[in-house]
Each structure stands twice: as C-alpha cells, then as structure tokens.
Amino acid sequence: MAKESTVQLPKKESILIANWKMNKTIREALKYVEVLPPLLEGVTMPIWLSVPFTAIHPVRQRLGNPFVIGAQNMNDATSGAFTGEIAAVMIKEAGGDFVLLGHSERRQYFHESDEFINRKVLRALESSLRPVLCIGEGYEDREGDKTQAVLERQLTEGLKGVMPEQILTCLIAYEPIWAIGTGKTATPELVAQTHAMIRQVISSLYGDDTASRMTVLYGGSVSPSTAATLSATEGVDGFLVGTASLDPESFAKIAHLSENAHP
Ligand code: 13P
C-alpha cells in the first residue's frame, strides 16, 4: 500500500493587494501608510501594497509587519545596459517581497509578450520575489468566445518552467481588461466560472491538489460596493485593487468586507 505523503503543502492564502499604479509620490505614500494601519484594526488577512519603485524603500521602512510591499513590474535580466529598467535584486534590496507581472497595462501599452513575462516570472522566483501573474481577456475576446483560449495561453506560457515545488509561491490575478478602471465589475457568476476555468488549467499543469491550493485573486473595478458579493464568490481568494486602493478609507473598507467572507 502506498504510504501517505508527509509533505505538507502550504494552505491556500487569502490576500488583498493594492496596486497604486503610477500614483503617489514618496510624500503621498508616507501619508497613506500613516493613515492605513488603524483603519485595518480587526483585519487579519495579509495586506500587500504594490507601490511605485520610488516608494518601496520608504514605505517598507515606515510600515512594520505584517504588511508586505512589492513592485508593479521588473526586467528579466539580472543587471546590465537596459536604460530605465529595474532588476529583481534592486526591488528585493529596497524591501520588496513580491512583484506584479504581466499586468494588462504592461501587455497593452508596453507590448509585453507571454514569453517575456515568463522570463520575468522565473527571474522573480530565482530572486525570492513572489510573482503575481496577472492574466485577463479583452472585451473582444470575451465577446468572441475566446476567453478560455486566452487565459489558457497566458497561464501555460507565463508559468513555463515553474517547478511544482515553486508554483504555490506564485499567485494568479484574474483581471478582465474590460473591467479595469471602467467601473464595469464582472458579475459574480462570470467570476466564479472564470476562476474555475483558471483552476482547471492549473490542475492540468500541476494537479488537482495544487490547483485547489492556488491563490487566485480577482481584479477589475473592485470597490466597497462590490467587495462583499465578490469576495463571497466561489473561487475568489482576494482582490487586486486599483482605483479604490488609492484612498486608504475605501481600501480598508474592502479589507473589512473581504475579511468577513474569509474569516
Ligand atoms: P481598477 O480597480 O482601477 O479597475 O484596477 C484594477 C487593476 O488593474 C489592479 O491591478
């Protein structure tokens, strides 16, 4: 009879991430992180802040545990002649512990390919930065019944070469492009369906057990008025919040509403 495995896989994590995008100077960032902690009293779910590069170090210095600070992008090279780019080791030394990769704004405005994003994922893992791989379909993909194909490609290509023992270090953020910054939140039914689809792809790559432990976040016009319903939605393990994370009060409200759904 086969012996039961004694390897303890990590439990699924519920996480709330703020993505400030290209907002907040150091001064504004420090003001924000002074206001935020008392507003989060009673919240036990991990709060991650994805801030501009310039704010990583000062915010890290100011905010103690359990806050986790990260970046919104990085280059796949370790160093070299890549003017204007930033390396994983620089983020790490500044106090960053995670990095968003493949955000649709990077794919759309900076023409980042799945292959490039994949190289960054591998580099982040090698550098002890947790990658948050962002995926999502455009409006035309959704209308043209191409959602599954797009997400499958983004996941399969983006995670190429990620070993089974590394995969749970990664997080997936599902952000339908048509719902980003538009005020159009995807319906809970659509989110549940799409998260199930994502988990199926993870399962085909890494097995059922891993897929069930994978943290899959939702992002796209999450606000205090939609957070309760969406966080109670099957398969949603937290949010990646843009606009509503810029105001500490509304971000904290989302945290409390998410906490109720994942006590
Ligand atoms: P909004 O919350 O502004 O729609 O942005 C979502 C997003 O892109 C987070 O990464």
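Read-outs throughout are calculated quantities, based only on the coordinates presented, and are distinct from any laboratory measurement. On a predicted model such as this, the values are computed, not experimentally measured, just so you know. Reconstructed Cβ throughout: ideal geometry from the backbone, glycine too, with neighbour counts over all protein chains shown.
In this structure, PHE82 and LYS160 have a Cβ-Cβ separation that, at R0 = 22 Å, corresponds to a calculated FRET efficiency of about 0.50.
Expressed in units of 2.2 N^0.38 Å, where N is the residue count, the Cα radius of gyration of the stretch 45-138 is 1.05.
Eigen-decomposition of the gyration tensor built on the alpha-carbon atoms of the chain gives equivalent ellipsoid semi-axes of 25, 23, 20 angstrom, largest listed first. Centre-to-centre separation between the Cα atoms of the stretch 188-263 and those of the stretch 67-96: 26 Å. Any of LYS146/LYS184; LYS184/LYS253; LYS146/LYS253; LYS12/LYS160 with alpha carbons more than 24 Å apart? Name them for me. Over 24 Å Cα-Cα: LYS146/LYS253. Calculation over all alpha carbon pairs of the stretch 91-217 in 10 angstrom steps from 0 returns a P(r) of 13, 45, 34, 8, 0 percent. Give, as a single signed number, the net charge of other residues whose beta carbon lies under 15 Å from the beta carbon of GLU165, with Lys and Arg counted +1 and Asp and Glu -1. Once positives and negatives cancel, what remains is 0. Taking amide hydrogens as placed 1.01 Å from N in the peptide plane, the amide H of VAL241 sits under 5 Å from those of ILE17, ALA18, ASN19, each at least 5 positions away in sequence or on another chain. With springs only between Cα atoms under 10 Å, which of THR44, THR226, THR83 fluctuates most in a Gaussian network model of the chain? Of THR44, THR226, THR83, the most mobile in the Gaussian network model is THR83. Phi angles across the stretch 18-29 convert, under the Karplus curve 6.51 cos²θ - 1.76 cosθ + 1.60 with θ = phi - 60°, into 3J(HN,Hα) values of 9, 10, 6, 6, 8, 9, 5, 6, 4, 4, 5, 5 Hz, Gly and Pro given as x. Based on DSSP H segments of at least four residues, each scored -39500 (n - 2.57), the chain has a per-residue ellipticity at 222 nm of -12500 deg cm²/dmol. Karplus-derived 3J(HN,Hα) values for the stretch 213-220, using 6.51 cos²θ - 1.76 cosθ + 1.60 with θ = phi - 60°, are 9, 6, 7, 10, 8, 10, x, x Hz; glycine and proline are entered as x. Here the stretch 112-126 is scanned for amide nitrogen atoms under 19 Å from the site 7 Å beyond the Cα of GLU93 along Cα-to-Cβ, giving 123-126.
In a fully extended conformation the segment linking GLN108 and GLU140 would gain 10.1 nm over its present Cα-Cα distance, using 0.36 nm per residue. Proximity of backbone amide H atoms, modeled 1.01 Å from N, is registered between HIS103 and CYS134 at under 5 Å, excluding neighbours fewer than 5 places apart on the same chain.
Here the 3J(HN,Hα) profile of the stretch 187-192, calculated from phi with Karplus coefficients 6.51, -1.76 and 1.60 at θ = phi - 60°, is 6, x, 4, 5, 5, 4 Hz, Gly and Pro shown as x.
Result for the chain in a Gaussian network model with C-alpha springs under 10 Å: among GLY102, GLY235, GLY181, the largest mean-square fluctuation is at GLY181. Highest average first, the peptides 186-199, 121-134 ordered by how many other beta carbon atoms sit within 10 Å of their residues are 121-134, 186-199.
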